[in-house]
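As structure tokens, the structure follows; a few thoughts come after it.
The values are calculated or read from the model by the stated rules, or taken from the named source; none is laboratory data. Note that this is a predicted model, so its numbers are computed, not measured. Cβ sites come from the backbone with ideal geometry, for glycine too, and all protein chains shown count toward neighbours. Accessible surface areas use protein heavy atoms only, side chains included; no ligands, DNA or RNA. Shrake-Rupley method; radii C 1.70, N 1.55, O 1.52, S 1.80 Å.
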Amino acid sequence: MTEKNPFAKFLTHFTAGHVLFHEGEDGDDMYIIQSGRVAIKKKVKDGDTTLAVLEKGDFFGEMAILERMPRSASAEVIEDGDLIVISGEVFGDMIKANPEIAVRMLRKQSIRLRDTNRQLENLLATGALPSPTASESAPAGAPGTAGTLQTEAKAYFISPSTGNVFPVFSNEALLGRFDSVTGQSPEVDLTKEDQSRNISRRHARIVIKDGKFFLAEEIGTMNGTFLNGKKLTTGVLTPMHDGDEVTLCRLVLNFKTPR
């Protein structure tokens, strides 16, 4: 198993109810969720409030090992699962060996900071705390872009397994699934198509230039992007044509233009 999964030796199984760390504690480890869910909680006047519910592909706890400061929140497992536990020393070696890990973390931190700024703006505008549970309830009812074919769409993807149509309305659109951490959905939201949560939240991007179509895999995508069976190189725009087959991990989509 070690040969197939380089993180196997860092994998640990946790059951629901297990507290990984408490707010205020010193931290030596960060975590990457392989399965299950983890709630990030913060102490408030009346007890604890849930800031976010994290799931497969999310990471957390990196702030403590980067800043060498106490944990800013608590983390509790709320659904049995497997987590990769990485110490500060190992984390440093991983960053040196694979700089893409740092790029992905910076992008996630940027999204988190943007979301925090929005919450602060709401707080200043209303004088009340924003609801911390919005990201918990959103996945079940996350808005999807699947619907009927629309003539104003510049292009669209069709799921051959369900028949759902995912239109593309702009010259650049992200393909992925709902992010429960930020509450954001990609332009082509495949959340309901990907019940196994195999594709990344920011998996790939379609770009339209001068009437031509291109597809690129996003940096940090874990499970691969394939065009007509050929794996794409991360970050490289690859020409795409009417009728092409796009596979995001195991999710197959047919690409169509309005012609």
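Anything in the stretch 156-192 that is within 30 Å of residue 39 (Cβ to Cβ) and touching a Leu at 6+ places or on another chain (Cβ under 6 Å)? List them, or say none.
The first filter runs over the stretch 156-192 and keeps only residues within 30 Å of residue 39 (Cβ to Cβ), leaving 174-192.
Those that are within 30 Å of residue 39 (Cβ to Cβ) and touching a Leu at 6+ places or on another chain (Cβ under 6 Å): 177, 186, 187, 188.
Do the conditions hold for residue 232, that is, is it in contact (Cβ under 8 Å) with a residue 24 or more places away in the chain, closer than 14 Å to residue 155 by Cα and open to solvent by less than 50 Å² (accessible area, probe 1.4 Å)?
Numbers: in contact (Cβ under 8 Å) with a residue 24 or more places away in the chain: yes; closer than 14 Å to residue 155 by Cα: no; open to solvent by less than 50 Å² (accessible area, probe 1.4 Å): yes.
No, not satisfied.
Since residue 215 meets every condition but one in (1) modelled with pLDDT under 95; (2) open to solvent by less than 50 Å² (accessible area, probe 1.4 Å), which condition does it not meet?
Of everything listed in (1) modelled with pLDDT under 95; (2) open to solvent by less than 50 Å² (accessible area, probe 1.4 Å), residue 215 misses just condition (1).
On the given criteria, is residue 183 open to solvent by less than 40 Å² (accessible area, probe 1.4 Å) and either at pLDDT below 80 or in contact with a helix residue (DSSP H, G or I) (Cβ under 8 Å, 6 or more places away or on another chain) (or both)? Break it down into steps so the answer makes sense when it comes.
Working: open to solvent by less than 40 Å² (accessible area, probe 1.4 Å): no; either at pLDDT below 80 or in contact with a helix residue (DSSP H, G or I) (Cβ under 8 Å, 6 or more places away or on another chain) (or both): yes.
Judged against the criteria, residue 183 is not a match.
Determine, yes or no, whether residue 16 is part of a loop (DSSP other than H, G, I, E, B) and at pLDDT 85 or above.
Details: part of a loop (DSSP other than H, G, I, E, B): yes; at pLDDT 85 or above: yes.
The answer is yes for residue 16.
Could you figure out which of (1) surrounded by fewer than 19 Cβ atoms within 10 Å (Cβ to Cβ); (2) under 30 Å from residue 51 (Cβ atoms) isn't true of residue 162?
Failed condition: (2).
For residue 57, state whether it is open to solvent by 10 Å² or more (accessible area, probe 1.4 Å), among the small types (Gly, Ala, Ser) and free of Cβ contacts under 8 Å to residues at least 40 places away in the same chain.
On the way: open to solvent by 10 Å² or more (accessible area, probe 1.4 Å): yes; among the small types (Gly, Ala, Ser): yes; free of Cβ contacts under 8 Å to residues at least 40 places away in the same chain: no.
No.
Would you say residue 199 is in a strand (DSSP E or B), buried (at least 20 other Cβ atoms within 10 Å of the Cβ) and at pLDDT 90 or above?
Working: in a strand (DSSP E or B): no; buried (at least 20 other Cβ atoms within 10 Å of the Cβ): yes; at pLDDT 90 or above: yes.
So residue 199 does not fit the description; no.
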